[in-house]
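The values are calculated or read from the model by the stated rules, or taken from the named source; none is laboratory data. Small disclaimer: the values here were computed from a predicted structure and weren't measured. Cβ atoms come from the backbone with ideal geometry, glycine included; neighbour counts cover every protein chain shown. Quick note on the areas: whole protein, heavy atoms, side chains included, nothing else; ligands and nucleic acids left out. Shrake-Rupley method; radii C 1.70, N 1.55, O 1.52, S 1.80 Å.
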Amino acid sequence: FNYDFDALNKDSPVIQAVYTSLKEVETRATDLFPFWKLPEELNYVISPRQRNAQDSVKTIRNVTDELIEKCKAIVAEEEAVGGAEAWAEQYLNDADPSVLRYFLAAREEVSGEQLRDDLLSLLVAGHETTASVLTWATYCL
């Protein structure tokens, strides 16, 4: 994503937000009463868990929206100087060598919401896949 989470050196708010969101999804799958379907304002007041989940989603959305806007600016700048055609041959850009930049350059028109969903899918899929591989490798050793 061309974003430094800096998760190895300190607690990253984005990574913590992803963990909180994943935990909330897991918990919702086993809850007897769907608290999350109550009005958002009410949930925010009565349920600390829902408050944390809502705050985590806001954090994730803010960061992904920031990344999308940054990348859109880079792609627009390239198009302004006539570099948009060159992306097909070598889409990596020194300023932003990211999958997001490729998504923007490869598609005609895509909404910010769709890009955010794509980024979140990659982030969660990468997290879960890595965790599964490490668990399996530890087990095999």
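Just a few scattered comments:
- Scan of region 63-79 for residues that are surrounded by fewer than 17 Cβ atoms within 10 Å (Cβ to Cβ) and either under 13 Å from residue 117 (Cα atoms) or touching a residue at least 60 places away in the same chain (Cβ under 8 Å) (or both), ordered by number: 65
- Within region 34-61, residues that are within 18 Å of residue 18 (Cα to Cα) sit with their Cβ atoms under 9 Å from residues that are part of a loop (DSSP other than H, G, I, E, B), at 6+ positions apart or across chains, in these pairs: 36/47; 50/38; 53/47.
- Test result for residue 13, open to solvent by 80 Å² or more (accessible area, probe 1.4 Å) and either of a type outside the set (Gly, Ala, Ser) or modelled with pLDDT of 70 or more (or both): yes
- Subset of region 42-54 [part of a helix (DSSP H, G or I) and within 23 Å of residue 13 (Cα to Cα)]: 43, 44, 45, 48, 49, 50, 51, 52, 53, 54
- Within region 107-118, the residues that satisfy the criterion of being open to solvent by less than 80 Å² (accessible area, probe 1.4 Å), at pLDDT 80 or above and not basic (Lys, Arg) are 115, 117, 118.
- When region 5-41 is filtered for residues that are more than 25 Å from residue 66 (Cα to Cα), of a type in the set (Asp, Glu) and part of a loop (DSSP other than H, G, I, E, B), only 31 remains.
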